[in-house]
Amino acid sequence: MYIPASFRVEEAAVLHSFIERFGFATLITIRDGSPFASHLPLLLDRERGLLLGHMARANPHWECLEGTESLAIFTGPHAYISPSWYVTHPSVPTWNYTAVHIYGSPRLTSESRTRGIVDAVVSKYESNRANPWPNDLPEEYRSNLLGGVVGFEMPIGRIEGKFKLGQNRPEPDRETMLLHLRSAGADASQLAEFIDQQSSCVSTSDDRAR
């Protein structure tokens with residue numbers, strides 16, 4: 001993707017944390033000469049440098065996955081930015097957003113490996129619930145369900161991060177933008193929270209470097 005230098009994010013730990021936090025992705029592969037997309041949760045295996053996932057066997061996407069370069073797109077908070085929020089004028093509207101792209105060639109997984117991937121997805125999204133579902137399905141029922149899905153792992157060949165958060169604007173513009181974001185609705189407030197977190201991380205890193 002197009003990434004101006006001021007928006008580029010290259011720190012592996014930051015990109016990995018983003019993927020783990022915003023794990024519902026769009027996976028795109030060329031099938032029969034045209035892009036084919038599926039929307040699904042993907043897990044990151046940091047140690048092995050892999051994305052892990054599964055999809056319905058009825059989804060023809062899996063038939064073109066093996067060995068074909070694919071693109072997984074992870075998106076986070078985003079919001080419209082009004083020029084009226086800036087101190088500097090004239091200015092124009094824009095959209096601030098966060099995204100991480102991962103490129104790689106997936107490979108299909110065995111039945112036992114697929115079972116592990118499915119269980120890992122359930123574990124991740126149930127673990128923070130007050131009363132996690134125990135994933136205690138009858139074995140015959142579970143086996144039948146697993147027969148209807150296809151698992152895959154995608155080695156990370158290349159990763160790109162773009163956090164367009166107004167870094168190219170003067171400091172007074174960034175401050176007033178953030179002030180307005182906090183009261184401009186759910187999407188905008190989520191972006192403001194993300195910007196605050198990034199600023200906190202940068203400040204901490206700067207302090208440690210002194």
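The values are calculated or read from the model by the stated rules, or taken from the named source; none is laboratory data. In this text the structure is predicted, and so the values were computed from the model without any measurement. Every residue, glycine as well, gets a Cβ built from its backbone with ideal geometry; the counts of neighbours run over all protein chains shown.
Here are a few things to note about the model shown:
- Pairs linking a residue in region 41-60 that is more than 17 Å from Pro155 (Cβ to Cβ) to a residue that is assigned to a loop (DSSP other than H, G, I, E, B), with Cβ atoms under 9 Å and 6 or more positions apart or on different chains, are Pro41/Gly23; Met55/Leu65; Ala56/Gly148; Arg57/Gly147; Arg57/Gly148; Ala58/Gly148.
- Test result for Thr94, modelled with pLDDT of 95 or more and touching a strand residue (DSSP E or B) at 6+ places or on another chain (Cβ under 7 Å): yes
- Against the criterion of being within 23 Å of the chain's Cα centre (by Cα), surrounded by 14 or more Cβ atoms within 10 Å (Cβ to Cβ) and within 13 Å of Leu43 (Cβ to Cβ), Val118 qualifies.
- So Ile73, is it surrounded by 15 or more Cβ atoms within 10 Å (Cβ to Cβ), more than 29 Å from Pro170 (Cα to Cα), among the β-branched types (Val, Ile, Thr) and in contact (Cβ under 8 Å) with a residue 60 or more places away in the chain: no
- Any hit, region 141-155, residues being acidic (Asp, Glu) and surrounded by fewer than 17 Cβ atoms within 10 Å (Cβ to Cβ): no
- Output for region 84-104, where each listed residue is more than 18 Å from the chain's Cα centre (by Cα) and small (Gly, Ala, Ser): Ser84, Ser91
- Residue within region 76-93 that is touching a Phe, Trp or Tyr at 6+ places or on another chain (Cβ under 8 Å) and polar (S, T, N, Q) present: no
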